[in-house]
Each structure stands twice: as structure tokens, then as C-alpha cells.
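What follows draws every value from the coordinates through simple rules; no lab data is involved. Predicted, not measured: the structure shown is a model, and the values here were computed from it. Because the Cβ atoms are built from the backbone with ideal geometry, glycine has one as well, and the counts that use them run over all protein chains shown.
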Amino acid sequence: MKRILQILAIISLFSFISCNGNKSKSDDNKLNVYNWDGIVAPNTIKYFEKEHNIRVIYDLYASNEELLAKLQAGAKGYDLIFPSDYMIDIMIKQNMLEKIDFNNIPNYKNISSNFKNLPFDPENEYSVPFEYSAVGIAVDTSKVKEFTKSWELLFDDRYKGKISMLDDIRYGMVPALIKLGYSINTTDNNELEKAKELMLKQKNIVRAYSSETYRDLLKSGEVWIAQGFTGDVYQVMRENPNIVYFIPFEGSALAIESMCIPKDAPHKYTAEFFINYILQPKIHSEITNYSLYASPNEVAQKYIDTIILNDKAIFLDDMIIKNSQYIQDVGETTILYDKIWTTIKAD
Amino acid sequence: MLRIKRKGNINGLYVLPSIIWLMILFVIPVIFILAFSFFERGTYGGVNYIFSLENFKLVFDGIYIKIFFKTVLIAIINTILCILLGYPLAYYISTRKSIKVKNLLLMLIILPFWTNFLIRTFSWMIILGNEGLINTSLINLGIINEPLELLFTPFAVQIGMLYNYLPFMVLPIYASLEKIDKNIVLASNDLGANNIKIFFNIIFPLSIKGLFVGVFLVFIPSLGEFIIPDLLGGAKSPMIGNIIKDQFLTSRNWPFGSALVIVVMALILITIIINNKTFKRNSF
Amino acid sequence: MKNRLLNIYSFGIFAFLYLPILILVIFSFNQDKFNSSWGGFSTEWYIKLLNNSELLESFQVSFTIALFSAFISTIIGTLAAYGFYKKSFFGTSKIKTLVNLPIITPDIILGLGLLIFFVSINFTLGYYSILLAHITFNISYTTLIVLTRFSNFNSNIENAAKDLGASNFKSFVFIILPNIFPGILVSFLIAFTLSWDDFIISFFTSGVGTTTLPVRVYSMIKMGVNPQINAISTITLVITIITILIASKFQNISKIINSKSL
């Protein structure tokens, strides 16, 4: 035992020394990116680093909320973050974002006007759209033969125990709210009460609430019908061709991820430079072809694979966009949503 | 004896490093967070520095009490299972002849936990799923026709917890069994006591301290568990740990989250104090 | 008879412990990215892993932090346990409660609290903030475990040594330490494991450029945790087993050398 400890001690001493000697000296050529995993294509960062001689440090977080909590508690040093729509809303209101100097981002003109002046950043001051998706339903067609492309499918008793819902306090409520004809951002007590009742009834046929592992479940056949996000589901469709994905015709919740710069970012100019780099049509399309999240970049479309462009679940149908909304922060009603969600889960 | 009493003050130095460390890096940080419980949640999720005790009132709302009791039940079941399965194993290891074998077995117990937690849990999903290992085997053997629903049930949660907490019961019990003087056992043998008597009258009582530590290291953290109910329970039955985590993340309600934590910690502390008064010898 | 029962039982428990591990290892050779079903044999994940410098760096970060936090917290904890043992007839219950508090504190509280604390004293987040955090929560565990070794401890051995002229320090190092060594070892193992597996505290106390392995793995969950993680876990197991085997060979050799030199 003592031997093992001694050997370990020596090994670790060497790695400790080498580990902490790795930090680069110069500060100007650095960019600290904080992002979800796999959002940029595998080589995007490497090519950027080579081409512009800038060292990119790429750290990861797993959810908007974790990002927020960490930044709220005071963590600094990140130059670029990729929050979702409602999170941008929250961050702007809490004064956590830098105003972007668009003089440094001429490629911003590539962004379609459909994705400018969005409700959470109406003056286009704090965010640059990066990719978007919508909440939809994935179905294993080897098990579910006939179905209508509607939210009803998630409430269908025939598939008891074969359904999974997103484990999310807002996105999880989307099917119920839309089915009842309400806004997904409603603050009306009665409407929320009715949605709660519907979801309590639904719980009997739900196998699991999951925001990520539902894909594993779809693949192995544990669930046949799952609520999910566009780009995410396509990952598993590659490995199980029986799975199809659609956005219900009643409309859905749109989700957009944008590039933002946190307050007091140490390398603000470099961040804006990077944003401009990403918005180049070739680069941006590469990301779309890899992640299968739709791109708000009009000019990039000519480089995107035709199959992807024509996929209505990725590049959404106009009608669906018309019927859909972005999730917005509901202020104090968040507490009510939390109570309702807790009640549903704890039943 | 005299010598030790005189040097009583110097002995206090031994605990000093831990006290200083914990005061600076534990007490102060935790007070920062828990202080939020006395204020209001800001409209967009920050903190409004207006004094309020509303959060504490909310804690005693029906649903949170219900979830708390469910959590306690799961933790108790987990602890009992860990004791029943863990004690014999600790005993087995401590009764091996060579110290090399003992150390090897210890390492074998802890080795699984040097793999990644998430992947281990995914493995359990493969084992327990309807299309998983257990069900496929049972169906192929003709024992059952329909798959048993094992995954995403309370059963799956208990199994997952047992799996991940077992070492924390086994290792402390082993530590206290290990030091039992072999001569005592030999002497009792010589005096004619049979193995069962030796165990219950000598070995078990001497290992009680380790057992108590094991219970403490399993029961208390079990109360705070949240990953296993999410992954193996299908998030259908949250434990109080899930609710607390949600307050700090998705609901952005740090004040309420802090209040919940204060109440839960207070309850645990009261239990510990009662335990210490009752079992003076095995106090924490 | 009873021995055989115990043997079978223990074997069963080890089977229980290692069944998920076996699956984990097998699936590291899964052709499919999503691990819920088998898609054919492939070693691509090992190759991808060897090229994944970020993942390997996280591994190194986690390993060194686990090692150092286990070392330091075991030392602090052993000293504290010894101190409690000595003062066991005075009222030290308040201090004992302090040492126990981190165990009853949820990770997220400690993580966020430390983050706010570090920020408020302008301590740059990074490798050392994580290390300090890990030592903090480990102290409670190490103290408690080493303390079990001290209950019913035969203080006469120590008294005898002192009577024979040994100083406090000498009696601590040569009498006490060897006697409580299994407790020290166990607490080191547990501290290492807790640090290695920690996610929440590491996430909140990490700074730019420092991602521990569990944090990286959790963040990968959005793209689907791919078998590279199975691969790295398998490699961890293999390295550890090889280290143990080498170490026990060393012990054999040194025993032979020692016995020969007598």
C-alpha cells in the first residue's frame, strides 16, 4: 500500500508541474469561450486558432441555468457565452451582458431579418443569433405505425409507458399549454391550473421525464414517443433509422441560441472578432451541417446540405413558425410555474 | 495518566488546522448563501434585499414536507440495505489471512467508483431496462413473458443508491473491525465460546463505532441525492435534493432554496444531537 | 460451513459491484455513439480518445486534484482525529459538530458559497480554487473515519512508550500512526474517490481553462455522452489494476530483500 502511494505521489508531482506550466504567457491572443458541448463543428476552433494565431480556451456548461448561477455568483473571465433566448432576456434585465460593438461585426448583415429584433433583444444590442431549433416529437415508426403530427400523441393512452417528456419546467409544459390553446408564456392562474391538471393526468402514461437520456431510450426501444429538440434528436436518428421527428402543426416553442459577451469580459474585441468569423457563410454552414441545428444566417444557406435545408423539422415550415413562440421569462410567475412543476413531479 | 492531563492544552493544537480551514473555507461561504434565505426573490431571479421570513413559511407548505418525508424514507431504506449487505462484506475482508489480500479487496471495492458516475448509471439503465439485460435474460429463459418494469421505478432508485453508497458503509466498518485485537478472539475461543457467541458478544459491539460512522456517511448524503432519482427514477419522484437544486438553477429562487437548506440541515442537526445524547459513546 | 456461505456471499456482492463495470467496459467497444444498445464492435472511441486533448487534460486535472486533496485532507483529518481522541473527556462536541457540518451541507450550497467567497476576496478561480474546495469537504470524511480507529484505542501502548522516554512526536509517529494506518488508508481512498467523482462543487469553483473530468462529461450529455468516456474509464481501471500488481510485486521483492539481509 505504501508503495502504491509513493509511486502515485511521484507520478502526480510530475503531472502537477507540467499541468500548471501549460498556461500561455501572452494575454492579448486569448479568447475564453464558455459553451455547450458540440455546438461548433469539431474543427471550427482549431482552424480559427491557426488562422488568426489566437489561443481559444473552451470551457463547458450543461445548461443555461448553470451558466446563469455561475455568472450571478460572480465568476469572471469568460469572453463569449451562448445563452438561449429566455436566458438572454434574464441576463439583460440583470445587467449581465456587454453591449456589442457591431462595427466589429460586419458579417452581421448575413443574419436573416426574421431573427433580428427578437422580443428578448428588441434593439439588437446584446446578442448575435447563432442557431435555432424547436421543440418537437420523435417517434419510433417501427413501433408506432400511424399517427398525426400533433401534440396529442404525447397524451395518447394507447402508448402508456412508452412516452417520455422533457424534464424542463418551461419546455415540459409546452405540450399541455398548446393543447389547451394557451400561450406558452401565460401568467394566468386559471390557465396554469388547467395545464397542471392535464399534466397530472398525463403522468400516468409517461415513462420518464428526461431532457437528454430520452435519446438513449428511443434508440433501445424503451420509449417509442419522446418530446425533444431538433438537433438533439437527429443525433440518435443516425443510429436508429426508424426514428422520425416532427414539429406538431399546432405550433411549438422556438429556441434560439445567440452569442453574447458577459459584462467585464477581458477580451471583448477578440470576442467580437470571433463572432464575425463564425458568421462567415462557409464557417457557419459547416456548423449547421454538423450540428443539424438550423442557421439564421441567410447567406450561409447556399453551403448547407440540401437534405438539411429541405428538412421541415430543421428549417421550419412558415406555418409552424407563425404558430410558434419563444419562451420568455415570466418574472414572478416563475414561482408558480415552479410550484406546479414540483406538484406534477412529486405526485 | 498525569502526563496526558498536563499536556491537555497542547493536544488542542491537533484539531487546530481543521478548525481554521473549516472556519474560513466552509463556515463563511455557507453563511453567504444561507443569508439569502432572509431576503426576497427578485423579479427576474436575483435577490431583493428586503428582509422577509416568507421563504421559511413556504418551506412548511404541504408539498415540500411530503417530498422531505419521501426522501427520508428512501434514505432509511438505503442505509438499512447498505448495513445488511455491507457488514458481512466488511467482516469477510477483515477476516482474510494476509494483509495483501485485505488491501486488494479494499481496492476492489473502491475501484468501480473511479469510473465515471454517469456512465455507471447508464450501465444500470442497460441492466434494468425493458429491453435490458435482466428482462431479456428472463424472457429468453422462459421465466417471464412480459418484461418487468424495473427501470424508472422506486426500485431502480434504491438499487442505484445502494450501488453508489455501499463503499461508504463497508469501509468504515472495515476500519473498526480491523483493529479488534485478534488475541481477544483467540482467548474467547480458548475459553470455550463458539463462533456465534464471539461475534455477537465481542466482535459486533467493538465494531459499532464503525457502523455508526457508516450510517452517518450513508444516511446523511443520501438525503441530498438528486442525480439518481433523475436518471434512474425517470425524474418522476424528486427527492428534496432535486427541489433544492431546482431553486438555485431553474427557478432562480436562491432565497427559497437557502431556506429549504436551513430547515433540512436544522432537522438533521437536531437528529444528530439527540443521537449523541442517547448514544454517548458513539457520539459524533 | 459458515465460511463457505460468507465466501459465496462476498463473491455475490463483488459480482453486483462489477456487473455495471463489465457492461461499461464492453460498451467502450460499441460502434454506436448512444450506449443504450449494441451496434457492433469498434475501437474507434479509443482512437478518438487519444486525440482528444481536452478530455485527457480534464483527466489529468481531476487526477492531480483528487490525489492532492486526498493527501492534504487525510493529514489534516488524522491530526484532528488524534486531537479528538486525546480530548475525549473534555467537552469538544461543538468542534466535532463543526467538523461534521460539511457532510450535511448539500454540494450546491458549498459550491455556490465558495464561488461567492472566492470572488469576494478576489481569488482567481481556477485549479487552486477547486483544490481548496475539495480539501474542504474531504476533511470531514477523513476525520470521521480515522476517528473510528481511535475508539476503544488502547492508550496504554502510548503511555508505555512515554514512560520509556519517547517524546510526544515520536510516540505519535511510531506508535500511533502504524496502529491507525488502516483508518488512514481507508480515509485516503474515500477522499480520493469523493474528489474524483465530484461534479457540482467543481463546476462552480472552476475558472477559465480548468475543467475537471466529471464536469466535462456532464457537459457532454447534450451531444450524447459517447463511449470515449467508457474508454477513459476502462483505461483508468486498467492502469489502476496494473499499478496494484506492480506495487505488490515490489512488496514481494522488498520482503525477500529484507529477509535476506537479516
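Dividing the alpha-carbon radius of gyration of the range B:33-164 by 2.2 N^0.38 Å (N being the number of residues), what value is obtained? Intermediate values should be presented prior to the final figure.
On the way: Rg = 22.4 Å, N = 132, 2.2 N^0.38 = 14.1 Å.
It is 1.59.
The label point for A:Arg55 and the one for B:Lys277, both projected 7 Å from the Cα toward the Cβ, are 6.0 nm apart. Between B:Leu13 and B:Leu191, the FRET efficiency from the beta-carbon distance, with R0 = 51 Å, is close to 0.75.
Would you mind working out the magnitude of the charge dipole of chain C relative to its Cα centre, with +1 at each Lys and Arg C-beta and -1 at each Asp and Glu C-beta, to the nearest 20 Debye?
Values: 16 positive and 9 negative charges, 176 e Å.
Charge dipole of chain C: 840 debye, to the nearest 20.
Measuring r between the beta carbons of A:Glu298 and A:Lys263 and using R0 = 25 Å, the FRET efficiency lands at 0.25. Between the helical axis of C:228-261 and the longest alpha-carbon principal axis of chain C there is an angle of about 40 degrees. The calculated 222 nm mean residue ellipticity attributable to helices in chain C amounts to -25000 deg cm²/dmol, summing -39500 (n - 2.57) over DSSP H runs of n ≥ 4 and dividing by all residues.
Shielding of C:185-192 by partners, i.e. mean partner chain Cβ atoms within 10 Å per residue?
Details: counts 10, 11, 3, 2, 10, 8, 0, 4.
Taking the mean over all residues of the peptide, I get 6.
Only Cα sites of the range C:1-42 enter the Debye sum here, all with the same form factor; the resulting log10 I(q)/I(0) across q = 0.20, 0.28 1/Å is -0.63, -0.87, listed in q order. Per-residue shielding of C:193-206, expressed as the average number of other chain Cβ atoms within 10 Å of the residue Cβ, stands at 4. Only helices reaching 20 angstrom along their own axis (Cα) with mean Kyte-Doolittle hydropathy no lower than -1.0 count here, and for the DSSP H runs of chain A these are A:2-20.
For A:Met319, the shell of other residues with beta-carbons less than 11 Å away shows a net charge of -1, using +1 for Lys and Arg and -1 for Asp and Glu.
Of all aspartates and glutamates in the structure, those lying under 18 Å Cα to Cα from C:Lys170, and not within fewer than 8 positions of it along the same chain, are C:Glu158.
Which shape class applies to the range C:52-261: rounded if a/c is under 1.5, otherwise prolate when a/b exceeds b/c and oblate if not, where a ≥ b ≥ c are the square roots of the Cα gyration tensor eigenvalues?
Working: a/c = 2.75, a/b = 1.37, b/c = 2.01.
Here the range C:52-261 falls in the oblate category.
Hey, what did the range B:62-282 get for relative contact order, percent, Cα under 8 Å, at least 6 apart?
Working: 202 pairs, mean separation 56.1, N = 221.
Averaging sequence separation for qualifying contacts and normalising by length gives 25 percent for the range B:62-282.
May I ask you to list the lysines whose Cα is less than 26 Å away from that of B:Lys197, ignoring any residue fewer than eight positions away on the same chain? Cross-link targets: B:Lys97, B:Lys102, B:Lys179, B:Lys182, B:Lys209, B:Lys280, C:Lys2.
Cut-off is 10 Å between beta-carbons; in what order do C:Tyr9, A:Tyr337 appear when sorted fewest neighbours first?
On the way: C:Tyr9 15, A:Tyr337 21.
Listed from fewest to most nearby Cβ atoms, that is C:Tyr9, A:Tyr337.
Partners of A:Lys93 within straight-line reach, counting aspartates and glutamates whose Cα lies under 12 Å from its Cα and excluding those fewer than 8 residues away in the same chain: A:Asp121, A:Asp329. Remark: for residue pairs A:Lys149/A:Lys312; B:Lys277/C:Lys94; A:Lys194/A:Lys345; A:Lys145/A:Lys196; A:Lys162/B:Lys236, the C-alpha separation exceeds 18 Å in A:Lys145/A:Lys196. Among the residues of C:208-219, the average count of other protein chain beta-carbon atoms within 10 Å of the residue beta-carbon is 6. Panel order for A:Ser220, A:Ser112, A:Ser252, by other beta carbons found within 10 Å of each beta carbon, from fewest to most: A:Ser112, A:Ser220, A:Ser252.
May I ask you to derive the relative contact order of chain A, considering only C-alpha pairs under 8 Å and at least 6 residues apart, and to give it as an integer percent? Please report the intermediate quantities before stating the final value.
Numbers: 546 pairs, mean separation 92.5, N = 347.
Value for chain A: 27 percent.
For the range B:62-282, the gyration tensor built on C-alpha atoms gives an oblate shape. Its axis ratio a/c (a ≥ b ≥ c) is at least 1.5, and a/b is not larger than b/c.
Below 12 angstrom from the Cβ of C:Ala66, what's the summed charge of the other residues (Lys, Arg +1; Asp, Glu -1)? Numbers along the way, then the final one.
Numbers: positive: none; negative: C:Asp197, C:Asp198.
Summing Lys and Arg as +1 and Asp and Glu as -1 gives -2.
May I ask you to list, by number, the DSSP H helices of chain B whose Cα span along the axis is at least 18 Å and whose average Kyte-Doolittle hydropathy reaches 1.6 or more? Present the calculation step by step, with values, prior to reporting the outcome.
Numbers: long enough: B:8-22 (22 Å, 1.11); B:62-94 (47 Å, 1.65); B:154-178 (35 Å, 1.01); B:208-223 (22 Å, 2.14); B:254-278 (36 Å, 1.73).
Taking the DSSP H segments of chain B (at least 18 Å long, mean hydropathy at least 1.6), we get B:62-94, B:208-223, B:254-278.
Taking other C-beta atoms within 10 Å as the exposure proxy, B:Asp181, A:Asp329 rank B:Asp181, A:Asp329 from fewest upward.
Dividing the mean sequence gap of close Cα pairs (under 8 Å, 6+ apart) by how many residues the range A:97-180 holds gives a relative contact order of 21 percent.
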